[in-house]
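**Student:** My questions all concern the structure below.
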Amino acid sequence: MATNKIIDTILGAILLLNIIACESDYSSVGDANSIAFSADTLSFDTVFSGNASITAKLMLYNRSSADLTLDNIKLVGGTESDYNVSINGTTGTQLSSVRLRSGDSLHIFVNVFPPINTNEPYCITEDDIVVSSGSNQWRAHLWTCALTANNISGEITTNEQWQKGIPYLITDTLTIRPEAQLTIAEGTQIYLASNALISVEGALIVSGTYTAPVTISTMHLSDFYSDIPGQWQGIELHGDNASANISYTQIANATTALQADSATTLRLTDVEIRDARQYAISSDKANIELNNCILSNCSASLLQINGGTATITHCTLANYYRWNIRTAAAVEISATDLYSFRMLNSVVVGNQANEVKLAEEIDTVQCLISHCYLRLDPPTAADTDKRYEAVIVGQDPKFKNRTNNDYRPKEESPLINAADAQYSTHLPTDHNGNNRLTDSAPDIGAFEWIADEEQHN
């Protein structure tokens, strides 16, 4: 028994020494070079006032050869700050006696909730995270530009007009009732929160111009989110009275950008739609018309037609979606309740072997695809199919820079002078305002090749 007590005493002493040794491991406070942040400044780009930002991360590194005890890590503004932090898994404005092994790091998660400011369209909110150890201090700056917006949701029941200036932020479903018309003036900026949508039961008129287009896109304005699809739901047309007439508008990052149900009317002129998680345009027995439009980079079809009528003239449809594998063709046309489909002087290309899917039972009375540049598989598919007229089948239309969404043709492009002028008479200018009727023949697609552009851009 005595031997066991001696052993227990020895083991206890060893354990105590280990505890003391471990405590002493963290006794150092380090020097001026001991601690480093992953960034001197954490910026949230532009955040809407009255709305929480995304959560960003800062790393705090111990670069010394010693294990450190940091006196505290704190948010200087404390509880009055517009910022919220979580330090090493603990939410609060300050954490004391933080142990950090040599070569180790900890996470600091930060978001910002700038208050609504009705006096200025933009305001800057700032703070600092300060780490103290003995007489040493290390600092990371927090910086955000907060943008004031008109927060919108609910119903529009009377005629209403939106003007450029302070942007509009749609925070939930916005419904334009059958008796109402929403008119959106040139240069207006419209942003949508996650899962927000515009439901059109009445009339939507969007009057952008070449010099002052309307933008409709995600509320996340940093470059990281610029091409991420599915950040808001889209624009939906429902009911016999629903119509949308949209010109010079850029629509990005939706789930399905435009969905038109039975008996609705959709007319787009010089509209750009990109980066949808599903469809750019999905029409179910609707009446649609597209002129000088650019549809690009969606996970399903750029244009899905299920019945109704559709006329597509001088449009560029390019599907090089990069977020996952696509299985749908860029253009899919079903035979059910299809009255008329006309695609004229347009481009349909992408990274699949076949980018046009026509139901076999669609006849030549219902369908005409004329003077278009297409990606088909097999390439000879249009040779005996009378629904195709004077089309060019190829893989590379030679865009200037499709990675940067620049779908203008290069000088050596097969699109040049390959369109039919009779289909261009009601569209004498291209998407950039260039006259397409001054040379021997117009070019296929939304853009006319211009020599001066080739030389200077």
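**Student:** Take every DSSP beta bridge with both residues inside the chain and express the antiparallel ones as a percent of the total, to the nearest 5.
**Tutor:** Bridges in the chain that DSSP calls antiparallel: roughly 30 percent.
**Student:** What are the extents of the Cα atoms of region 91-178 along their three principal axes, listed from largest to smallest and rounded to whole Å?
**Tutor:** Sorted from largest, the Cα extents of region 91-178 read 66, 25, 19 Å.
**Student:** Moving to a separate point now. Report, by chain and number, residues whose modeled amide H sits under 5 Å from the one on residue 367, excluding near sequence neighbours (fewer than 5 apart, same chain).
**Tutor:** Close amide H contacts, sequence-distant or interchain: 341.
**Student:** Do the alpha carbons of any pairs in 357/386; 357/398; 164/410 sit beyond 26 Å of each other, and which pairs? It would help to have the intermediate numbers written out before the result.
**Tutor:** Values: 357/386 15 Å; 357/398 23 Å; 164/410 35 Å.
Over 26 Å apart, Cα to Cα: 164/410.
**Student:** What is the sum of charges, Lys and Arg at +1 and Asp and Glu at -1, for the other residues whose Cβ falls under 15 Å from the Cβ of residue 282?
**Tutor:** Working: positive: 277, 285, 357; negative: 236, 261, 284, 332, 337.
Charge balance near residue 282 sits at -2.
**Student:** Cα extents of region 302-452 along the three principal axes, largest first, in whole Å?
**Tutor:** 46, 37, 26
**Student:** Okay, moving on. Taking Rh as the Kirkwood radius, which is the inverse of the mean 1/r over Cα pairs, what is the Rg/Rh value for region 353-441? If you can, show how the numbers build up before the last one.
**Tutor:** Values: Rg = 14.6 Å, Rh = 14.7 Å.
Ratio value, two decimals: 0.99.
**Student:** Which whole-Hz ³J(HN,Hα) couplings does region 212-225 yield from phi under the Karplus relation 6.51 cos²θ - 1.76 cosθ + 1.60, θ = phi - 60°, glycine and proline marked x?
**Tutor:** Working through the residues one at a time gives 9, x, 8, 10, 10, 7, 5, 6, 8, 9, 6, 4, 4, 9 Hz.
**Student:** For 449, 143, 323, give the ranking by accessible area with the largest first, probe 1.4 Å.
**Tutor:** Numbers: 449 60, 143 85, 323 110 Å².
In descending accessible area the options line up as 323, 143, 449.
**Student:** Same structure, new question: Which of the three applies to region 187-317, rounded, prolate or oblate, going by the alpha-carbon gyration tensor with a ≥ b ≥ c and a/c under 1.5 meaning rounded?
**Tutor:** Values: a/c = 1.41, a/b = 1.35, b/c = 1.05.
Rounded shape, in that the Cα axes give a/c under 1.5.
**Student:** Applying a 10 Å radius around every beta-carbon, put 324-330, 249-255 in order of their mean neighbour count, most first.
**Tutor:** Working: 324-330: 17.1, 249-255: 23.3.
Descending mean neighbour count gives 249-255, 324-330.
**Student:** Counting Lys and Arg as +1 and Asp and Glu as -1, each charge on the Cβ, what is the dipole of the chain about the Cα centre in debye, to the nearest 20? Intermediate values should be presented prior to the final figure.
**Tutor:** Values: 26 positive and 53 negative charges, 176 e Å.
With only Lys, Arg, Asp and Glu charged at Cβ, the dipole is about 840 debye.
**Student:** Also, I was wondering about something else. Add -39500 (n - 2.57) for each DSSP H run of 4 or more in the chain, then divide by its residues: what number comes out at 222 nm, to the nearest 500 deg cm²/dmol? Can you show the working numbers first?
**Tutor:** Working: 2 runs with 30 residues, N = 457.
After summing the helix terms and dividing by residue count, I get -2000 deg cm²/dmol.
**Student:** While we're looking at this one, here's another question. Of the accessible area of the chain, with the probe set at 1.4 angstrom, what percent is carbon plus sulfur?
**Tutor:** Values: 9750 of 20720 Å².
Answer for the chain: carbon and sulfur cover 47 percent of the accessible area.
**Student:** What share of Cα pairs, in percent, lie more than 43 angstrom apart in the chain?
**Tutor:** Working: 35570 of 104196 pairs.
That tail contains 34 percent of the Cα-Cα pairs.
**Student:** Pull up the cross-link candidates among the aspartates and glutamates for residue 74, meaning alpha carbon to alpha carbon under 18 Å and not fewer than 8 places away within one chain.
**Tutor:** In chain and number order, the partners are 40, 82, 126, 127, 128.
**Student:** Moving to a separate point now. Over the chain, average the accessible area per residue using a 1.4 Å probe and give it in Å², no decimals.
**Tutor:** Accessible area per residue, the chain: 45 Å².
The values are calculated or read from the model by the stated rules, or taken from the named source; none is laboratory data. For clarity, every value in this text was computed on a predicted model and none was experimentally measured. Here Cβ is always computed from backbone atoms with ideal geometry, including for glycine, and neighbour counts include all displayed protein chains. We work out accessible area using only protein heavy atoms, side chains counted, and drop any ligands, DNA or RNA first. Shrake-Rupley method; radii C 1.70, N 1.55, O 1.52, S 1.80 Å.
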